[in-house]
1. With θ set to phi - 60°, apply the Karplus curve 6.51 cos²θ - 1.76 cosθ + 1.60 along region 84-94 and write out the HN-Hα couplings as whole Hz, x wherever there is a Gly or Pro.
2. More than 20 angstrom separation, counting every C-alpha pair in region 1-65; what % is that?
3. Taking the structure as given and computing semi-axes √(5λ) of the Cα gyration tensor in Å, which label from [x] 21, 17, 16; [y] 47, 17, 13; [z] 24, 20, 14 fits?
4. List, in order, the whole-Hz ³J(HN,Hα) value for each residue of region 17-24 obtained from phi through the Karplus relation with A = 6.51, B = -1.76, C = 1.60 and θ = phi - 60°; use x for Gly and Pro.
5. Work from the charge dipole of the chain (Cβ charges, +1 for Lys and Arg, -1 for Asp and Glu, about the Cα centre) and give the residue of A66, V17, V113 farthest towards its positive end.
6. Taking every DSSP beta bridge with both residues inside the chain, roughly what % is antiparallel (nearest 5)?
7. In whole percent, what relative contact order does region 67-128 give with Cα contacts below 8 Å and a gap of six or more residues?
8. Would you compute, for the Cα atoms of region 78-146, the largest minus smallest coordinate along each principal axis and list the three values in descending order, in whole Å?
Amino acid sequence: MKVLETAAVIDLPDRRVAVCGDWHGQAGWARLVLRGLLRIAPDVSTVVHAGDWSMNLSKSDEICAAFGIERLYVVPGNHDYPALSEFLNAHPGVAVRVSRSTWLLPRPFRMNVGGRTLLALSGATSVDRYWRLPGEWSPDETITDADVAAAISGGPAEILV
């Protein structure tokens, strides 16, 4: 995965964005979701993906382009770790654009969407971690007390993902 651009601040003028999640690398599911989005909200060009994304970047770009999605902001979920841990840890505090449309958001990250503050606090603890095999879950997926303190220190937010 290559860094194409980074941003410490994202200020989107969009008044509406879509929130999707749990694509788990499934191109067919991503197509189905974005096809439905295009039908019900053709004006939406930004998607915030709320965890468990794991898409092939070129396939993700192809699908987004086909359905008019210009920006896909990924808030990693528990199943996105450990695959993204090293990459995210190498770029702390900044959003990283990794393809034409895809940005990965660190934990925590604040951005403005249509004048509202969105707080991305990625991850979740796998409730089935005790019977998963090594490598099937990562301690990095867990939101720590330090992560929560960092999120709180930024002040209030209207949207939490």
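1. 9, 3, 4, 5, 5, 5, 6, 9, x, x, 10
2. Numbers: 674 of 2080 pairs.
Tail of P(r) above 20 Å: 32 percent of Cα pairs.
3. Recomputing semi-axes √(5λ) of the Cα gyration tensor in Å here gives the entry labelled [z].
4. For region 17-24, the Karplus curve yields 10, 9, 10, 10, x, 6, 6, 6 Hz.
5. Positive-end residue among those listed: A66.
6. The antiparallel proportion sits near 40 percent.
7. Contact order relative to length: 37 percent.
8. 43, 26, 19
The values are calculated or read from the model by the stated rules, or taken from the named source; none is laboratory data. Predicted model only: the values in this text are computed from it and were never measured. Heads up, the Cβs are rebuilt from the backbone with ideal geometry, glycines too, and the neighbour counts pull from every protein chain shown. Calculation scope for accessible area: heavy atoms of the full protein, side chains included, ligands and nucleic acids excluded. Shrake-Rupley method; radii C 1.70, N 1.55, O 1.52, S 1.80 Å.
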